[in-house]
Amino acid sequence: MYTLLRMVADVEARKRPLARIAARQYGVFSRQQAVDAGLKADAIAYRLRSGAWQQVHPRVYRIAGAPISWKQKLMAAQLWGEPGAVISHEAAGALFALSGVPSGRVSIIAHRTDAPAAIRVHRTCTLLERDYAPLGPFEVTGVVRTLIDLGSVLPPVQVEAAFEDALRRDEDRLGAIIERLSRCSLRGPGGARVLAEIVGRRDPDAACTESLAETKLEHALRDAGVPMPVRQYWVRRPDGSRARIDFAYPDHRLAIEFEGLTWHYGREKFIRDRLRAADLAALGWRVLPIVWITLLDHPELVAERVRQALAA
C-alpha cells in the first residue's frame, strides 16, 4: 500500500511543474518539456491515448480543454521550431499591435524545413542577437526588426502605417531604424528596401499619422501627384482653444476629415467632431469629408476630390 501511494504521489509531483509550464504557455508544451518534468515515454503515450493531451504538432501537445487561441497557436509554433525559433513578421507585428498589421497569422523564423501547413516559416541568415527578445513566454523579433520583415510580406501602405505607429510610441526609434537598415542589403526586392524607401521620403520633423486610414490617404495623394497636406495642424478657435485637423492645406483653408470612423470612439467624440467642424467653418475653413470605404475601394477617386477642392 505504501509503495502504491508513493507511486501516485510521484506522478502528481511530476505533473505539477508541467502544469505550471503549460499555464504560462497557453496550455501547450513540448515533449522535451514533459520529459524534463520527469515523465517517461510510456506516461506520455498513455496521456495521449487517454485524450488527456492532444497533439498539436509533432512533439508539441495541448492539455485537453485548454482554450484554443491565436497566442496558443503561436506558442505551439515556437515550440515546434525549437531551438532558436522566433515569432516574426505579421505575428510579431500583431503581438505589438502595430497599426496596419493583420492579426491571426502564425509566422516564425526557424531553421526547420518540415513545417506543418498551419505555420509559415521564414528563414534568414541576417538575424542578429539584438533583433529579438523575450515577450512574455515568446521569443519575438523587436519592433525595428519586425518593421524590416513586414516589408517582405505586406503592402507598403500597411508597412508605413506600422512604421508610423512605431514612431508615435517612441520618437527616438527612427534613429534605431536607420542604424539597423545600414546593416542590411538594399538591393533587389525585400523588406529592408521597402522600409528604406519609406524612411527616405519621410520628413523627420513631421507629426506621425495616427491610423491606417491616414497613411492610405497619403499614399493615394502621392500616387496621384496631389500636393501633400500638413499632418496634425492646429487652428485657434474664437474662444482661444485649439482644434486639431488631421490633414490640412493651410494656404487653401482646406481641412480633410474622415467619415465612417467615429463609431470606433463613441457618441461623445462624434459630437465633438461636429462642433469642431462648425468652428472651422466659422473661421472660413472648408471641410472635405473622406469616407473610409471609398478610400479603401477607390483611392484614386478620393485623390481627385482633394485635387478639385484645392483647385476650387
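The values are calculated or read from the model by the stated rules, or taken from the named source; none is laboratory data. Just so we're clear, the structure is a prediction, and the values are computed from it rather than from any experiment. Heads up, the Cβs are rebuilt from the backbone with ideal geometry, glycines too, and the neighbour counts pull from every protein chain shown. The accessibility values were calculated without ligands, DNA or RNA, using every heavy atom of the protein model including side chains. Shrake-Rupley method; radii C 1.70, N 1.55, O 1.52, S 1.80 Å.
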Unique residue being in contact with a strand residue (DSSP E or B) (Cβ under 9 Å, 6 or more places away or on another chain) and of a type outside the set (Gly, Ala, Ser) when the list is LEU217, LEU174: LEU217
Those residues of the stretch 67-84 which are touching a helix residue (DSSP H, G or I) at 6+ places or on another chain (Cβ under 9 Å) and modelled with pLDDT under 95, in sequence order: GLU82
Residues being part of a helix (DSSP H, G or I) and either modelled with pLDDT under 90 or open to solvent by 50 Å² or more (accessible area, probe 1.4 Å) (or both) - total across the stretch 272-311: 22
Entirely in the stretch 94-162, the strands (runs of 3 or more DSSP E) that have 1 or more residues that are more than 22 Å from GLN55 (Cα to Cα) and either out of contact with any Gly (no Cβ under 9 Å at 6 or more places or on another chain) or not β-branched (Val, Ile, Thr) (or both): 120-122, 132-135, 138-141
Identity of the residue in the stretch 95-138, touching a strand residue (DSSP E or B) at 6+ places or on another chain (Cβ under 6 Å) and open to solvent by 60 Å² or more (accessible area, probe 1.4 Å), that ends up farthest from THR209 (Cα to Cα): ARG120
Hits in the stretch 152-173 - residues which are free of Cβ contacts under 8 Å to residues at least 40 places away in the same chain and buried (at least 18 other Cβ atoms within 10 Å of the Cβ): PHE163
Answer from GLN33, GLN78 - the residue that is among the polar types (S, T, N, Q), assigned to a helix (DSSP H, G or I) and in contact with an Asp or Glu (Cβ under 7 Å, 6 or more places away or on another chain): GLN78
Count - residues of the stretch 203-224 that are open to solvent by less than 30 Å² (accessible area, probe 1.4 Å) and hydroxyl-bearing (Ser, Thr, Tyr): 2
Residue check for SER103: under 24 Å from the mean Cα position of the chain (by Cα), at pLDDT 95 or above and closer than 17 Å to ASP149 by Cα: no
Hits in the stretch 226-264 (condition: open to solvent by less than 70 Å² (accessible area, probe 1.4 Å), in a loop (DSSP other than H, G, I, E, B) and over 15 Å from ALA309 (Cβ atoms)): ARG237, GLY240, SER241, GLY260, LEU261
The stretch 270-298, residues that are free of Cβ contacts under 8 Å to residues at least 24 places away in the same chain and either more than 17 Å from TRP234 (Cα to Cα) or within 29 Å of the chain's Cα centre (by Cα) (or both): PHE270, ILE271, ASP273, THR294, ASP297, HIS298
